[in-house]
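Enquirer: Structure below; questions to follow.
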Amino acid sequence: MSTSDSEPLFRTAGTVAGLESVRSLMNAALDILQDVSAQRTGPVAPGGPEGARAAAREVLTGPLLPEEGSAPETALADLVRPYAQWSADLTHPAALARMQPPPIDAAAVAELVAAVLNQSLHAWESGPFALELDRWVVARLAELAGYDPEEAGGTLTPGGSVSNLMAMTMARDTVLADKTGVYPFLGGMRACAGQPVVLCPVGVHFSIERAVRLLGIGEENIVTVPVDKAGRMIPEEADRILRELPEDKIAVAMVAVAGSTDLGIVDPLPELAAVARRHGVWLHADAAYGAGALFSPRLRGLLDGLAEADSITVDLHKFGWSPASSAVLLVRRSETLLSFGLQPTTCLSADDDTCAGFIGLQGSSLQTTRRSDALKIAITMRTLGARTMAAMVDTCHDLARYAAERIDREARLELFAEPPLTSVLFRYVPPQGGDAEADAFNGRLRRRLMEEGRSLIARTHITGEDGVSRVYLKLMLLNPETTPEQLDHVLDDLLAAAEEQETGAHA
Ligand SMILES: *Cc1c(COP(=O)(O)O)cnc(C)c1O
């Protein structure tokens, strides 16, 4: 595409000349990121949704695909600067809203490498080493979770929501086939002569409800298992529900949460596994967030019994410092991935390519083209090592306990419960008004802190023992570089903002 006396029209990234170009463009982009980082005053730019929209209006002018392109330096600078300026700064101590940790340096470079080489995992010829690496990472993560890597399997996924959908699919297919002799992926649900149901605790992630809807089971067929005072599913209740299930219903799955999104609650996994086994029900452990506890000798015991689950959702882009997506679905028995068209791996029933070892992974995933997330996962874990990773997890846990203690001491703040992991739920209790007013007050307070660029805090609602649902604020502590003093500062600032709001200066 180039002539000897003119610049090329474009440059692909992976050639020798292209790599030189990537290096210099990357330096330019990093200069912009450093510049923006040095000028930051808070975890997000002030201005709220209006401010972000105005910034976008200013730079997103002209067509997406102009008739004539521009130099890559220009295209990058035009968008990288505002993108960075209006990013939530996950390295800031007041960025406490979401399960997005600041990723480590080596993982960011692994992402660049993955983009330059653009490997995929669906066919052997789309990425021979990427395939080997993917299989190896899945096997090692299965081991980490306590599975026998010889029997276990799994796949990297775009996130916990997809992992949960895949787990519910396998539960439905495997259990219905076990109990009725018919795989629904062949004849559909009508062939199964029974209504599948799924057992869940109240705090289950909404992606499970959506999965049940998508799979044609229907949300009405979710049976909520009662929880104890600590919010954990009661195994005897699960057992009773399964014993009393009407003849025309088939329990296909029980979902245990290993680290609930709001409270970090871990359901009693060994007892639930025993109940599930007794009734021939698939046990899925949603450890999207809680799996981080596996890295800590202090917290690991919370996840005892994890390996008794038939499938496990793990997100290393939450409690694991690898950038999104770094997610895996693990299964105790690899053959259950059949739901996704798992190709035979033995020579008996396979085609000649498979026989010769030219095997891709599209048969064990919802995706066809699939990027290599294993590279950054492996690089993150090898860079950190077990000792540092344990220290990082424990530091975040310590920070959560520190915040909880401080909140508990404040007259105007009400702590919901001691944090088992790293999320802290609390609310500001204004001196006047009832629950509805307090709900509105906390909602407004959070929005104002975000709009003014002071702190990023999440909100949720929790139904108390009295059956009343209330708004709570949530701190998610996943940045081990944050100090207790910085946390104090965030809480001081929140209290100051709340007092201003009370006196009507900011109604
Ligand atoms: C975050 C979360 C999910 C969803 O994971 P994504 O990676 O955001 O799709 C599922 N379950 C639990 C318990 C979670 O905390």
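Enquirer: If a residue must be open to solvent by 40 Å² or more (accessible area, probe 1.4 Å) and more than 22 Å from Ala95 (Cα to Cα), how many such residues does segment 14-59 contain?
Expert: 16
Enquirer: Check off (1) within 14 Å of the ligand (Cβ to nearest atom); (2) at pLDDT below 95; (3) among the polar types (S, T, N, Q) for Thr313 and give me the number that stays unchecked.
Expert: Of the numbered conditions (1) within 14 Å of the ligand (Cβ to nearest atom); (2) at pLDDT below 95; (3) among the polar types (S, T, N, Q), the odd one out for Thr313 is (2).
Enquirer: Condition (residue is within 21 Å of Tyr289 (Cβ to Cβ), within 16 Å of the ligand (Cβ to nearest atom) and open to solvent by 30 Å² or more (accessible area, probe 1.4 Å)) applied to segment 360-371: is it met by at least one residue? Steps first, answer last, please.
Expert: The first filter runs over segment 360-371 and keeps only residues within 21 Å of Tyr289 (Cβ to Cβ), leaving none.
The answer is no, given that none of the residues of segment 360-371 is within 21 Å of Tyr289 (Cβ to Cβ), within 16 Å of the ligand (Cβ to nearest atom) and open to solvent by 30 Å² or more (accessible area, probe 1.4 Å).
Enquirer: Within segment 122-134, can you find the residues that are surrounded by fewer than 20 Cβ atoms within 10 Å (Cβ to Cβ), touching a residue at least 40 places away in the same chain (Cβ under 8 Å) and not small (Gly, Ala, Ser)?
Expert: Passing the criteria: His122, Trp124, Glu125, Leu133.
Enquirer: Same structure, new question: Do any residues in segment 83-110 that are more than 18 Å from Gly47 (Cα to Cα) and outside the structural domain of Pro46 (by TED's automatic domain parsing) have Cβ atoms under 7 Å from those of residues that are open to solvent by 50 Å² or more (accessible area, probe 1.4 Å) and at pLDDT below 95, where the two are at least six apart or on different chains, and which pairs are they?
Expert: none
Enquirer: So which of Gln100, Gln119 ends up being open to solvent by 10 Å² or more (accessible area, probe 1.4 Å) and within 16 Å of the ligand (Cβ to nearest atom)?
Expert: Details: Gln119 fails: within 16 Å of the ligand (Cβ to nearest atom).
Testing whether each residue is open to solvent by 10 Å² or more (accessible area, probe 1.4 Å) and within 16 Å of the ligand (Cβ to nearest atom) leaves just Gln100.
Enquirer: If you don't mind, another one. Among (1) at pLDDT below 95; (2) surrounded by 24 or more Cβ atoms within 10 Å (Cβ to Cβ); (3) among the β-branched types (Val, Ile, Thr), there is one condition Val202 misses while meeting the rest; what is its number?
Expert: Result: Val202 passes all but (2).
Enquirer: Look at Met168 and say whether it is in contact (Cβ under 8 Å) with a residue 12 or more places away in the chain, within 16 Å of the ligand (Cβ to nearest atom) and buried (at least 22 other Cβ atoms within 10 Å of the Cβ).
Expert: Numbers: in contact (Cβ under 8 Å) with a residue 12 or more places away in the chain: yes; within 16 Å of the ligand (Cβ to nearest atom): yes; buried (at least 22 other Cβ atoms within 10 Å of the Cβ): yes.
So Met168 passes the test.
Enquirer: Can you run down the residue pairs with Cβ atoms below 7 Å, 6 or more apart or on separate chains, where the first is in segment 360-377 and among the polar types (S, T, N, Q) and the partner is open to solvent by less than 10 Å² (accessible area, probe 1.4 Å) and at pLDDT below 95?
Expert: Ser364/Leu337
Enquirer: Can I ask one more? Report yes if Pro419 is in a loop (DSSP other than H, G, I, E, B), closer than 21 Å to Ile462 by Cα and touching a Phe, Trp or Tyr at 6+ places or on another chain (Cβ under 9 Å), otherwise no. Give the derivation first.
Expert: On the way: in a loop (DSSP other than H, G, I, E, B): yes; closer than 21 Å to Ile462 by Cα: yes; touching a Phe, Trp or Tyr at 6+ places or on another chain (Cβ under 9 Å): no.
So Pro419 fails the test.
Enquirer: OK, next. Does Glu237 qualify as being at pLDDT 95 or above and over 15 Å from Ala167 (Cβ atoms)? Walk me through it before giving the result.
Expert: Numbers: at pLDDT 95 or above: yes; over 15 Å from Ala167 (Cβ atoms): yes.
Yes; evaluated as a whole, the condition is true for this residue.
Enquirer: Among the residues of segment 473-507, what is the count of those that are open to solvent by 20 Å² or more (accessible area, probe 1.4 Å), modelled with pLDDT of 95 or more and among the small types (Gly, Ala, Ser)?
Expert: 1
Enquirer: Anything in segment 324-339 that is assigned to a helix (DSSP H, G or I) and either within 16 Å of the ligand (Cβ to nearest atom) or small (Gly, Ala, Ser) (or both)? List them, or say none.
Expert: Looking only at segment 324-339, we keep the residues that are assigned to a helix (DSSP H, G or I), and these are 334-339.
Correct list: Ser334, Ser339.
Residue by residue, here is whether (1) in contact with a His (Cβ under 9 Å, 6 or more places away or on another chain); (2) assigned to a helix (DSSP H, G or I) holds:
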site: Val257; (1), (2): yes, no
site: Thr261; (1), (2): yes, no
site: His284; (1), (2): no, no
site: Leu302; (1), (2): no, yes
site: Trp321; (1), (2): no, no
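Enquirer: Can you give me the number of residues within segment 175-196 that are of a type outside the set (A, V, I, L, M, F, W, C) and in a helix (DSSP H, G or I)? Spell out the reasoning first.
Expert: First, pick out the residues of segment 175-196 that are of a type outside the set (A, V, I, L, M, F, W, C): 178-181, 183-184, 187-188, 190, 194-196.
Those still in the list that are in a helix (DSSP H, G or I) too: 178-180, 184, 187, 190.
Summing the residues that are of a type outside the set (A, V, I, L, M, F, W, C) and in a helix (DSSP H, G or I) in segment 175-196 gives 6.
Enquirer: Scan (1) in contact with a strand residue (DSSP E or B) (Cβ under 7 Å, 6 or more places away or on another chain); (2) open to solvent by less than 30 Å² (accessible area, probe 1.4 Å) for the single condition Leu302 breaks and write down its number.
Expert: Leu302 satisfies every listed condition except (2).
Enquirer: Looking only at residues that are over 23 Å from Ile234 (Cβ atoms) and among the small types (Gly, Ala, Ser) in segment 191-205, which one is nearest to the ligand (Cβ to nearest atom)? Break it down into steps so the answer makes sense when it comes.
Expert: Filtering segment 191-205 down to residues over 23 Å from Ile234 (Cβ atoms) leaves 191-195.
Filter once more, so that each one left must be among the small types (Gly, Ala, Ser): 191, 193-194.
Numbers: Ala191: 30, Ala193: 32, Gly194: 28 Å.
Across segment 191-205, the extreme among qualifying residues is Gly194.
Enquirer: Among (1) modelled with pLDDT under 95; (2) in a helix (DSSP H, G or I); (3) at positive phi, there is one condition Gly357 misses while meeting the rest; what is its number?
Expert: (2)
Quick grid of which residues meet (1) within 16 Å of the ligand (Cβ to nearest atom); (2) in contact (Cβ under 8 Å) with a residue 24 or more places away in the chain; (3) open to solvent by 20 Å² or more (accessible area, probe 1.4 Å):
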residue	(1), (2), (3)
Met189	no, yes, yes
Ser207	yes, yes, no
Asp228	no, no, yes
Met233	yes, yes, no
Leu245	no, yes, yes
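Enquirer: Does Ser260 satisfy being within 14 Å of the ligand (Cβ to nearest atom) and hydroxyl-bearing (Ser, Thr, Tyr)?
Expert: Criteria met by Ser260.
Enquirer: State whether one or more residues within segment 451-461 are under 23 Å from the mean Cα position of the chain (by Cα), crowded, with 18+ Cβ neighbours inside 10 Å and assigned to a loop (DSSP other than H, G, I, E, B).
Expert: yes
Enquirer: Okay, moving on. Take the residues of segment 269-298 that are aliphatic (A, V, I, L, M) and within 13 Å of the ligand (Cβ to nearest atom): which is farthest from Leu421 (Cα to Cα)? Even if it seems obvious, please write down each step before you answer.
Expert: First, pick out the residues of segment 269-298 that are aliphatic (A, V, I, L, M): 269, 272-276, 281, 283, 285, 287-288, 291, 293-294.
Now restrict to residues that are within 13 Å of the ligand (Cβ to nearest atom): 285, 287-288, 291, 293.
Values: Ala285: 16, Ala287: 12, Ala288: 13, Ala291: 10, Ala293: 8 Å.
Out of the qualifying residues, it is Ala285.
Enquirer: While we're looking at this one, here's another question. Considering only residues of segment 142-165 that are within 30 Å of Ile217 (Cα to Cα) and among the aliphatic types (A, V, I, L, M), which is farthest from the ligand (Cβ to nearest atom)? Steps first, please.
Expert: First pass over segment 142-165, keeping only residues within 30 Å of Ile217 (Cα to Cα): 142, 145, 147, 151-165.
Pick out the ones that are also among the aliphatic types (A, V, I, L, M) and you get 142, 145, 152, 156, 162, 165.
Values: Ala142: 19, Ala145: 15, Ala152: 20, Leu156: 12, Val162: 7, Leu165: 10 Å.
The extreme case among them is Ala152.
Enquirer: Gly216 - would you say it is closer than 20 Å to Met170 by Cα, open to solvent by 10 Å² or more (accessible area, probe 1.4 Å) and not in a strand (DSSP E or B)?
Expert: It is true that Gly216 is closer than 20 Å to Met170 by Cα, open to solvent by 10 Å² or more (accessible area, probe 1.4 Å) and not in a strand (DSSP E or B).
Enquirer: Return the only residue of Glu308, Glu335 being open to solvent by 30 Å² or more (accessible area, probe 1.4 Å) and modelled with pLDDT under 95. Before you say what the answer is, go through the steps one by one.
Expert: Values: Glu308 fails: modelled with pLDDT under 95.
Answer to the selection: Glu335.
Enquirer: As an exercise: evaluate Thr395 against (1) of a type outside the set (Lys, Arg); (2) closer than 23 Å to His461 by Cα; (3) surrounded by fewer than 22 Cβ atoms within 10 Å (Cβ to Cβ) and give the number of the one condition it does not meet.
Expert: (2)
The values are calculated or read from the model by the stated rules, or taken from the named source; none is laboratory data. These numbers come from a predicted model, not from an experiment. Every residue, glycine as well, gets a Cβ built from its backbone with ideal geometry; the counts of neighbours run over all protein chains shown. Keep in mind that these areas ignore ligands, DNA and RNA; they rest on the heavy atoms of the full protein, side chains included. Shrake-Rupley method; radii C 1.70, N 1.55, O 1.52, S 1.80 Å.
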